[in-house]
Amino acid sequence: MDKLYIAMVGLPARGKTTVASKLQEGLAQEGLNVRIFNNGDLRREILGAASSRPEFYHPDNQDGREARDELARMNMERAQAFLAADGHVAILDATNVSTQRRRMLESAQEDHTVLWVECVNDDQELVDASILRKTRLPEFSGLTEQQAIASFKRRITYYEDIYAPLGRERFWVRVDSLTNRIIDEQVFHSVPYYVTIRDILVSDWIRNLYLVRHGQTLYNQEGRIGGDSDLTPEGFEQAEALGRHFHGFSIPYVFTSTRKRSHQTAAPIRKGQTRCTVTALPDFDEINAGVCEHMRYEDIKNTLPEEYRSRQRDKYNYVYPGGEGYVTLKPRVDRGLKKALFLSGNAEALMIVGHQAINRMILSHFLFRRTEDVPYIYIPQDQYFHITSTQKKKLFEQIRFTGRREQHSPSAT
Ligand code: F6P
C-alpha cells in the first residue's frame, strides 16, 4: 500500500492538532494505519517546563532553535521508522512555519511523498479563546492566567516573524480550520489518499453533540418571551434529571448562552463531570424579540397586531423591531456552533445548552429543513438531541431524559 507523510503547518492555536486528529480518525476508518507525531508533546516530554518560556522561541535564540529542530528531526525519524514498518500515513504535527524547517524535513526524507497541510484562522476572538485553553496546560501552571496568556502571545509573535505560508512546496493544501474550507491547494493525483483527505478536511467532525434546551422558566410558565428569568422548580428538576442522565459519562465541554436559565440547566451536568469546561457564548443567547421582549404572544396580538400578523405570514424572515429574526439569527448561531466545535477540538463529546430558537437554528444545520419550516421545529424541554456528523457517519436521535433512565448510553468515560 502507498505510504504518505502529512506535515502540518500553521501558527500556534490555529487548530492544527484538531485537524491532524480528524485526519487520523478518518484515514483509520479507511483501514489505514495512521499515527500522529506531535512536536509539542515531545518537547514537553524531553525539555519540560523550561521550554515553555517565550524566549525559547525567539528567532535569534540559537540554542532554542537547534533544540526545536532536533525535536522535529527526532519525530521525523520516528515517522520514517513507522512508515518503514507497517504504517501507512505519518502525520507530523508541528508549526513548521519557516521555509528552512520545511526544507530540512523534506531533505531528511525522500522515501515517500509529503503533503503539507496549512491551517489558518484569523478570527481573533477564536484565537484568543484557543490561547486561553492552551494556558491551562501544565507547562503554564507556575503562571497566573494573565501571565500565561502574555507568554503564549509572545511565543506566537516569534513564530509570526519567521512564518512563510506554503506555496513553493510540491504538494500542499491550505485550509480554514474554522470553516473547514479549502482556501488553496496544489495537489496532483499522485498524492496517495488525497480524495479521502480532502473529504475529511472539509467535513464537520462531530463525534457526539448533545443539544439541550434549558429547563422550564418562570417566563415559559407565564407564556412570556425573551428576558432572563430563572428556572421554575420543575425547570430545576429537569436540570437535575439531565445531570443524573449524563452522570458517569464524559462531556468535557459544555457551552451555554449568557442567560441564567442556560447556566442553571448546565450546573447539575457540570457537577456530575470530573473534567468539564463550561463556556458561555453570547452567540447562543435566545432570539432578541426587540419591542416584544417580555410580552406574551396574545399581548403582541392585541397591542401590536400588524407585527403579529407579519410574523405569522413569514416567521423565518420576520425581524422584531429593535430585535432579531430567524433570518438574522442564522449568522450568529452558525458562528457560535463553529466556535464551540473549534474550542472543543477533537473531544469525544460536547454539549450545548441553548434556547428554543437557537436550537432550531443549530438543528437546521443538520436536518436540511426548508427555511420556512425551521421556526417550527419542536424543541421540548424534557428531551435532547444527540448528533454525530463525520465524513462517514451521520446520526441524529431525540432522547427523553426524564423518568426512567433511557437505554441510550452517551459516550462512556
Ligand atoms: O418562549 C420561549 C422562547 O425561547 C422565547 O424567549 C423566544 O422568543 C421564543 O421561544 C422563540 O420561539 P418562537 O420563534 O416560536 O416565538
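The values are calculated or read from the model by the stated rules, or taken from the named source; none is laboratory data. The shown structure was predicted, so the numbers you read here are calculated from the model rather than taken from an experiment. Cβ placement follows ideal geometry from the backbone for every residue including glycine, while neighbour counts extend to all protein chains displayed. Accessible surface is based on the protein model in full, side chains and every heavy atom, while ligands, DNA and RNA are left aside. Shrake-Rupley method; radii C 1.70, N 1.55, O 1.52, S 1.80 Å.
Between the amide H of residue 115 and those of 5, 6, 7, distances stay under 5 Å, these residues lying 5 or more places away or on another chain, with hydrogens modeled in the peptide plane. Coupling constants for segment 232-245 follow from the phi torsions by the Karplus curve (6.51 cos²θ - 1.76 cosθ + 1.60, θ = phi - 60°), and in residue order they are 7, x, 5, x, 5, 5, 5, 5, 4, 4, 4, x, 5, 4 Hz; glycine and proline get x. Rounded to the nearest Hz, the phi-derived 3J(HN,Hα) couplings of segment 124-136 under the Karplus curve 6.51 cos²θ - 1.76 cosθ + 1.60 (θ = phi - 60°) are 4, 4, 6, 4, 4, 5, 5, 5, 4, 5, 5, 5, 8, where x marks glycine and proline. Put 368, 249 in order of accessible area, highest first, and with a 1.4 Å probe you get 368, 249. If you plug the beta carbon distance of residue 297 and residue 234 into 1/(1 + (r/R0)^6) with R0 = 35 Å, you get a FRET efficiency near 0.95.
Annotation: amide H-H contacts under 5 Å for residue 38 (H modelled 1.01 Å from N, sequence separation of 5 or more, or interchain): 93. Averaging Cα coordinates gives a centre for segment 122-172 and one for segment 297-319; these two points are 48 Å apart. Per residue, the accessible area of segment 4-201 comes to 45 Å² when a 1.4 Å probe rolls over the protein heavy atoms.
Karplus-derived 3J(HN,Hα) values for segment 212-226, using 6.51 cos²θ - 1.76 cosθ + 1.60 with θ = phi - 60°, are 10, 9, 4, x, 4, 10, 4, 5, 4, 4, 7, x, 8, 10, x Hz; glycine and proline are entered as x.
Here residue 372 and residue 35 are evaluated by their C-beta separation; at R0 = 35 Å the FRET efficiency comes out at 0.15. Largest GNM mean-square fluctuation across 184, 60, 228, computed for the chain with C-alpha springs under 10 Å, falls on 60. Label positions at residue 159 and residue 198, each projected 7 Å from the Cα along the C-beta direction, are separated by 2.8 nm.
Proximity of backbone amide H atoms, modeled 1.01 Å from N, is registered between residue 215 and 265 at under 5 Å, excluding neighbours fewer than 5 places apart on the same chain.
Structure shown: which of 16/330; 134/394; 134/339 lie over 23 Å apart, alpha-carbon to alpha-carbon?
Pairs exceeding the cut-off: 16/330; 134/394.
PRE reach from residue 395 (point 7 Å along Cα→Cβ): which of segment 335-353 fall under 17 Å by backbone N? Zone members listed by number: 347-352.
Would you mind classifying the chain by shape? Square roots of the alpha carbon gyration tensor eigenvalues, ordered a ≥ b ≥ c; an a/c under 1.5 is rounded, otherwise it is prolate if a/b is larger than b/c and oblate if not. Judged from the Cα gyration tensor, the chain comes out prolate (a/c at least 1.5, a/b above b/c).
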